[in-house]
Every structure is written in structure tokens, then in C-alpha cells.
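Colleague: One structure follows; several queries about it will come next.
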Amino acid sequence: PHGPASTPVFMPVGTKGTLKSLTPLDVTGSSALDNQIILANTYHLALQPGTELVRDVGGGLHNFMNWDRNILTDSGGFQMVSLLKLAEITEEGVTFDNPFTEESSDDRDGGGKDVEKSEAKGSNDISRKRKL
């Protein structure tokens, strides 16, 4: 809904809903970096700033980031490996302990929660890893 995104493409990453040290104008305002799409990580967004904050206060990820072009969110499945010490893996999926609190987050790869969180944030494209 936010326009085409030609590939191959350099895709800046706004892990927690921000492009560190860059503004939206920095990545759209020149012919060298006329980005049509950026990437945001569902796992990191769910932890900080939080799905509810992005949805309720920001009005979705596009408004929260002040970005009027495409956003691709991933499933956060890479964290299954990189944050194995925080993960509990069952047949239903993966539950991560929140490294910032005593809580566990119900981020189940394959259970649809990652897609629900991406949709709540207003993502255009959702990259989802599949269970094998």
C-alpha cells in the first residue's frame, strides 16, 4: 500500500523503530539513497518500544517512525539461535524471556503471534520463517 520496492535494494534497518543516526529524509532525499523500503525487527520492537506503544500511541509503525514508504518486518526467528539462553523451545514454538524484566514474552515462531505483532504495527510486508 505504500508503493513499489524494486530489488535488489540496500535496506536500512530500524531495529527498534528508528534508523540510528539517520532521518527518513537521509534515506529518501538523495538519488544515491532513495530507499523504497526499510526493515524493522518484530522481536526487538515487541521488547522496546513495545507493540502496544507503537500501535496505540504511535498509530502504527509508519507514524511511529515518521516513514511513509514500505516497511518489512521479520519474524524475529533469528533470535531463536542468537538468544538461545533466553528461549524456551517447545513443539508449539519459542517463548523468550524478556532480558529487561522478569517477564516472558509469548513470541511463538509458527504460532501467529509474530504476524499479529507485525500487523498491529502496520507492516507492509512480513517475512516469516517457517518450521521445518
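The values are calculated or read from the model by the stated rules, or taken from the named source; none is laboratory data. None of these values were measured; they are calculated from a predicted model. Cβ placement follows ideal geometry from the backbone for every residue including glycine, while neighbour counts extend to all protein chains displayed. Surface areas here come from the heavy atoms of the whole protein model, side chains and all, with no ligands, DNA or RNA. Shrake-Rupley method; radii C 1.70, N 1.55, O 1.52, S 1.80 Å.
Colleague: Please compute the per residue accessible area over the stretch 1-92 with all protein chains in place, 1.4 Å probe, rounded to a whole number of Å².
Modeller: Working: 5310 Å² over 92 residues.
In whole numbers, the stretch 1-92 has 58 Å² accessible per residue.
Colleague: Local charge sum around ASP34 (other residues, Cβ-Cβ under 13 Å, Lys/Arg +1, Asp/Glu -1)?
Modeller: Here the count lands on 0.
Colleague: When the accessible area of the stretch 1-89 is computed with all protein chains present and a 1.4 Å probe, what percentage of it is carbon and sulfur? If you can, show how the numbers build up before the last one.
Modeller: Details: 2910 of 4970 Å².
Whole-percent figure for carbon plus sulfur exposure: 59.
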